[in-house]
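All remarks here apply to the structure that follows.
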Amino acid sequence: MPKDHGIGASSKRREDVRFLTGKGRYTDDINIRGQAYVHFLRSDVAHGKINGLDTSAAESAPGVLRVFTGADFEGVGGLPCGWQVTDREGNPMQEPAHPVLAQGKVRHVGDPIAAVVAETYEQARDAAEQITVDIEELPAVMDMKAALKPDAPKVHEDLTSNLCYDWGFVEENREATNAAFEKAHHVTTLELVNQRLVANPMEPRVAIGDYAAHSDESTLYTTSQNPHVIRLLMGAFVLGIPEHKLRVVAPDVGGGFGSKIFHYAEEAFCTFAAKALKRPVKWVSSRSEAFLSDAQGRDHVTRIELALDAEGHFQALRTETYANMGAYLSTFSTSVPTWLHGTLMAGNYRTPLIYVNVKAVFTNTVPVDAYRGAGRPEATFQLERVIDKAAREMGIDPVELRRRNFVTEFPYATPVAVEYDTGDYNATLDRALEMADWDGFEARAAESAKKGLWRGRGINSYIEACGIAPSQLVGQLGARAGLYESATVRVNATGGLVVMTGSHSHGQGHETAFPQVIADMIGIDESQVEIVHGDTANTPMGMGTYGSRSIAVGGSAMVRAAEKVIAKAKKIAAHLMEAAPEDVELKDGQFSVAGTDKSIAWGDVTLAAYVPHNYPLDEIEPGLEETAFYDPSNFTYPAGAYVCEVEVDPETGKVRVDRFAAADDFGNVVNPMIVEGQVHGGLAQGIGQALLEGCTYDETGQLLSASYMDYAMPRADDLPSFQVDHSCQTPCTHNPLGVKGCGEAGAIGSPPALVNAVVDALQRGGKDVTHIDMPLSPARVWAAMQ
Amino acid sequence: MYDFELVKPKSVDEAVSALAAEDAQPLGGGQTLIPTMKQRLAAPAVLVSTHDIDGMKGVSTDGGVMTVGGATTHGTVAKEAASAFPGLAGLAAKIGDPAVRNRGTIGGSLANNDPAACYPAALLAAGGTVVTNAREIAADDFFEGMFTTALEEGELITVVKFNIPEKSNYQKFEQPASRFPLVGVFVAKHSDEVRVGVTGASEDGVFRWTEAEQALSSNFSAEAISGLTVSADGMIGDLHGTPDYRAHLVKVMTGRAVSAAE
Ligand SMILES: Cc1cc2nc3c(=O)[nH]c(=O)nc-3n(C[C@H](O)[C@H](O)[C@H](O)COP(=O)(O)OP(=O)(O)OC[C@H]3O[C@@H](n4cnc5c(N)ncnc54)[C@H](O)[C@@H]3O)c2cc1C
């Protein structure tokens, strides 16, 4: 019987009522009395020297309060990078300054040059048209390999080159890995591109700065996945505002997919300008601006080699990746191609030797940072593509080749520094093959052939690391932040609870799932539990939501805080029932004393905590509120297998996804419906990447795919009805809920399954095609067939 | 968007006089014009809406000719042309999404002459006439390359007339992002000739594929064009397809339209 409440129940998402009835309160719904509006004048060239900037006409235009330029920010810090990577020689990465407004140079189309603050948005925009900028255009640095040539123009003059870092992992394994390649029976090589993507959350970014002169306090309302992180970065590194004078609020946020993790110039600007002008200052991104200013995702060019023995056992793996950083280092950009990517190169397999080389490169493009999956999709894509190619070259069934190399004993320490705690990769693979009716393929292929279509099938077996992360470990690896999570559980006198969490919900459904856990622990109705998040003024310092970490890390913090609450409540109950605390049990909202008929209700105990007339005041304080910070001891390792079947139209190259089965092991599942929704969304994004999406610049640095006319987003009719299963569960061994995280799996696992399927279809159609770079648009598939 | 004045005349005459104002421009469904204005790429001073001009709306059939008012929406054409001219109704039904079809108009589409617009292919293939407040322009004389037509400043498309073919079909191969045609082919079999209108493909905008027309006029079947090739010269090359690919698709889509014609 499926449960109808608590952990394991598909409780309906309570937040959807306000989202679906238009009652959500997003940042743009906030309007502060007296607010002014800012419009950013952005560069329309990719690379250039600012020789002159005349703002005089704009300053006297109607409604204009002030025009800001880079000069106003000379004494102000730049936007910081949150992760320092150390290169192969042990030197720190090259870290350029990232000014709030351009100073002397523009480095990508969309780089903000000036900001006009006016009474109305239209006035600000009108005035911005009157600013004259004298820009001396410089050659744009676009191609990553060309950018590293000695005579290449430099994105940042003060750096020695366009190379941010040259990273080797694990450097000590390099020689041994190379030696294994010398001896290998077979080597499969693949060159591929993991194309640049635009995150495209439904809600564009918004920022409102507000300043209270009476208390000298600044408030920033912003579309963020992690308000505390923004407060820390902006307060400490950019504007020099102490945290107790700075409040950051991220109310309802309409999707982020990573792009709202980072600290952006517009946030710092609005906070700064509000204080300077003593007026609230609001910025609302247009969709066109989002294409030019939201951090973008992926953009790796990779050569991967896999060494195998005669039986197909993996002997060694070697990769060389060029990772595009864009023009500046976005907040977590440097960690994505390194620690979030290199550590996953073992996949689900026992490959004894792995060496990953990553060259991070500056170009005149929008900065690149984490996007749903962040590094793990890039790792999975290379690995699962090269395995498929190896299977074909060696004449081994691709399912069998994977099984032959699966890790089957746990814990398993990979040669790339992580230890998988649990998993059962054969189980998820079996389940995926069964759901997709793998064995019935030939009959379906024959049906397709009758319609003149080529059917193909592809699999993928993935692993990812979620629940980032042990703070001490990531600190050693260069993170400039801790990665714990926090929760305060506040019990009210009448027994209801409020959980103030450092996690942030922007579509994930925390407001529903988190109460399910608490309700189970106490035995009360979920409706008695409220979740508060998104405001640094009323939540404990937390690191926010990304990397599928909320239930694994934020949920664990909440459990720890609730355990403290329950322990204290038991002491109160023991006092009221005149029993020893260790004999008190809590079940179904009732405290009882083991072996007696004594019992007392949860609500009576909570009332006693706040009306402590009959209360052990000499032993414990009144009140019932506890905070916990949870710092995980390891990552969690969700894994699974995906099967995709496609039909390719050989006349046009058009690909139709006919079926897609996803079997994931997320450990324990709190709300199966929400998990299913997360997988659906992830699959849509992954299939979007594989089939449709792609961010394209021309050689001068102009963004060609700058709107939905040219940037193809997946629509419902591009997708099949998914078959999703999470019944294979190997609970995480090191967090209290045994959960692993599910937010990114779909986006990580689906692209290789789809590309494998299309290559299979073309091969079955008699075309000797071994790889096609994403997106597999009709034009590209057709070109590959010619 | 810059400030502008909106005029909502009730008759063609009123509209024509309103269009005489400086920087005045007709407004159909606004599906192209409004986004362009929002991006500040167009800045008309006066917009003259065709929305309230009843005389410019509706679909009627008389003998072999279908008459569509210039302010008729795609949604209306999809419904009302369905029995007499299913090829045209099918084309209209696949333009954009319901919101676009409920606002966008045939007059706006033809006047705009986007190189990837659907209606121009139908008008060329059906052979028909664009009727304006001032004159009648034969389909073959109307389109003058990308985004250019024979219309004069202030000239309003009041009615569009199509010669209803015996059989017709429109095949649209969608550009993955915009879902405008990457290549769209309208094939019309008339009693005396076959006409093939191709949109989306050429740098010169919509065109007639005359070799295919000749081949199909003697044998109306997909095989009739199997020996033909389309030159990639002058075809559009962009993010979504090379000139070679578009040339190839012209032939594939023509064949499919012939097979599907009804
Ligand atoms: C999301 C989306 C998808 C679309 N997909 C397609 C598609 O698949 N295929 C396709 O063909 N189109 C597509 N369109 C375009 C759509 O068909 C528009 O409706 C059409 O291009 C313009 O028609 P309109 O009535 O909106 O004209 P408007 O935008 O109002 O005007 C366009 C131009 O025509 C002029 N004009 C308008 N009416 C007249 C008239 N009666 N006489 C003279 N000039 C006039 C205007 O001054 C303006 O210059 C799409 C549009 C959108 C927004």
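Let's see how each residue does on (1) open to solvent by less than 50 Å² (accessible area, probe 1.4 Å); (2) under 30 Å from A:Gly77 (Cα atoms):
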| residue | (1), (2) |
| --- | --- |
| A:Val116 | yes, yes |
| A:Glu136 | no, yes |
| A:Pro139 | no, yes |
| A:Leu148 | no, yes |
| A:Val155 | yes, yes |
| A:Thr160 | no, yes |
| A:Val193 | yes, no |
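Look at (1) buried (at least 19 other Cβ atoms within 10 Å of the Cβ); (2) within 11 Å of the ligand (Cβ to nearest atom); (3) without any contact (Cβ under 8 Å) to a residue 60 or more places away in the chain; (4) not small (Gly, Ala, Ser) and you find that B:Leu19 fails only one, number (3). Just one of the numbered conditions (1) surrounded by fewer than 23 Cβ atoms within 10 Å (Cβ to Cβ); (2) over 27 Å from the mean Cα position of the chain (by Cα) is not true of A:Val407: (2). Does the stretch A:696-712 contain any residue that is away from chain B (no Cβ under 14 Å), touching a residue at least 12 places away in the same chain (Cβ under 8 Å), of a type in the set (Val, Ile, Thr) and not in a loop (DSSP other than H, G, I, E, B)? For the stretch A:696-712, residues away from chain B (no Cβ under 14 Å), touching a residue at least 12 places away in the same chain (Cβ under 8 Å), of a type in the set (Val, Ile, Thr) and not in a loop (DSSP other than H, G, I, E, B): absent.
Among the residues of the stretch B:127-142, write down those that are in contact with a helix residue (DSSP H, G or I) (Cβ under 6 Å, 6 or more places away or on another chain) and within 14 Å of the ligand (Cβ to nearest atom). Spell out how you get there, then give the answer.
So the first thing to find is which residues in the stretch B:127-142 are in contact with a helix residue (DSSP H, G or I) (Cβ under 6 Å, 6 or more places away or on another chain), and the list is B:127-128, B:130, B:133, B:139.
Listed by number, the residues that qualify are B:Val130, B:Asn133.
Taking the conditions exactly as written (assigned to a helix (DSSP H, G or I), in contact with a helix residue (DSSP H, G or I) (Cβ under 6 Å, 6 or more places away or on another chain) and on the phi < 0 side of the Ramachandran plot), does A:Ala573 satisfy them or not? Judged against the criteria, A:Ala573 is a match.
Within the stretch A:236-275, the set of residues being at negative phi, in contact (Cβ under 8 Å) with a residue 40 or more places away in the chain and among the small types (Gly, Ala, Ser) comprises A:Ala250, A:Gly254, A:Gly256, A:Ser259, A:Ala265, A:Ala268, A:Ala273, A:Ala274.
Looking at A:Asp768, A:Asp773, A:Asp717, can you tell me which residue is assigned to a loop (DSSP other than H, G, I, E, B) and within 14 Å of chain B (Cβ to nearest Cβ)? Step through it out loud before you land on a result.
Values: A:Asp768 fails: within 14 Å of chain B (Cβ to nearest Cβ); A:Asp717 fails: assigned to a loop (DSSP other than H, G, I, E, B).
None of the other options fit; the residue is A:Asp773.
Can you tell me which residue among A:Thr365, A:Thr338 is assigned to a loop (DSSP other than H, G, I, E, B), touching a Gly at 6+ places or on another chain (Cβ under 6 Å) and open to solvent by less than 10 Å² (accessible area, probe 1.4 Å)?
Numbers: A:Thr338 fails: touching a Gly at 6+ places or on another chain (Cβ under 6 Å).
One residue alone meets the criteria, A:Thr365.
If you take the residues of the stretch A:729-753 that are surrounded by fewer than 24 Cβ atoms within 10 Å (Cβ to Cβ) and of a type in the set (Ser, Thr, Tyr), which of them is nearest to A:Thr428 (Cα to Cα)? The selected residue is A:Thr730. A search for C-beta distances below 6 Å between a residue of the stretch B:146-173 that is closer than 14 Å to B:Leu88 by Cβ and within 11 Å of the ligand (Cβ to nearest atom) and any residue that is outside any strand (DSSP E or B) and open to solvent by 10 Å² or more (accessible area, probe 1.4 Å), counting only pairs 6+ apart in sequence or on different chains, returns B:Tyr170/B:Gly90; B:Lys172/B:Lys94. Kindly indicate whether B:Gln214 is assigned to a helix (DSSP H, G or I), open to solvent by 40 Å² or more (accessible area, probe 1.4 Å), among the polar types (S, T, N, Q) and not assigned by TED's automatic domain parsing to the domain that holds B:Pro26. Judged against the criteria, B:Gln214 is a match.
Does A:Ala684 meet the test of being in contact with a helix residue (DSSP H, G or I) (Cβ under 9 Å, 6 or more places away or on another chain), part of a strand (DSSP E or B) and more than 14 Å from every other protein chain (Cβ to nearest Cβ)? Give the derivation first.
Details: in contact with a helix residue (DSSP H, G or I) (Cβ under 9 Å, 6 or more places away or on another chain): yes; part of a strand (DSSP E or B): no; more than 14 Å from every other protein chain (Cβ to nearest Cβ): yes.
No: the conditions fail for A:Ala684.
Taking the stated definitions as given, is A:Phe314 open to solvent by less than 10 Å² (accessible area, probe 1.4 Å), touching a Ser or Thr at 6+ places or on another chain (Cβ under 9 Å) and closer than 21 Å to A:Thr545 by Cα?
Details: open to solvent by less than 10 Å² (accessible area, probe 1.4 Å): yes; touching a Ser or Thr at 6+ places or on another chain (Cβ under 9 Å): yes; closer than 21 Å to A:Thr545 by Cα: no.
The answer is no for A:Phe314.
Residue check: B:Thr61 meets all listed conditions (1) over 17 Å from B:Leu91 (Cα atoms); (2) in contact (Cβ under 8 Å) with a residue 60 or more places away in the chain; (3) within 14 Å of the ligand (Cβ to nearest atom); (4) in a strand (DSSP E or B) but one, namely (3).
Screening B:Asp54 with (1) in contact with a strand residue (DSSP E or B) (Cβ under 6 Å, 6 or more places away or on another chain); (2) surrounded by fewer than 18 Cβ atoms within 10 Å (Cβ to Cβ) gives one miss only, at (1). Quick check, is A:Glu676 of a type outside the set (A, V, I, L, M, F, W, C), touching a helix residue (DSSP H, G or I) at 6+ places or on another chain (Cβ under 8 Å) and over 20 Å from A:Arg298 (Cβ atoms)? Here the answer is no, as A:Glu676 does not meet what is asked. The single condition among (1) closer than 17 Å to A:Pro672 by Cβ; (2) open to solvent by less than 10 Å² (accessible area, probe 1.4 Å); (3) of a type in the set (S, T, N, Q); (4) not in a helix (DSSP H, G or I) that A:Gln508 does not satisfy is (2).
Could you say which residue among A:Lys389, A:Lys359 is within 30 Å of A:Gly701 (Cα to Cα) and of a type in the set (Lys, Arg)? Outline the logic, then answer.
Working: A:Lys389 fails: within 30 Å of A:Gly701 (Cα to Cα).
Step by step, each of A:Lys389, A:Lys359 is checked, and only A:Lys359 is within 30 Å of A:Gly701 (Cα to Cα) and of a type in the set (Lys, Arg).
The values are calculated or read from the model by the stated rules, or taken from the named source; none is laboratory data. Quick caveat, the model's predicted, so the values are computed rather than measured. All Cβ positions, glycine included, derive from the backbone under ideal geometry; neighbour counts span all protein chains shown. Protein only, heavy atoms only, side chains kept; ligands, DNA and RNA dropped before computing areas. Shrake-Rupley method; radii C 1.70, N 1.55, O 1.52, S 1.80 Å.
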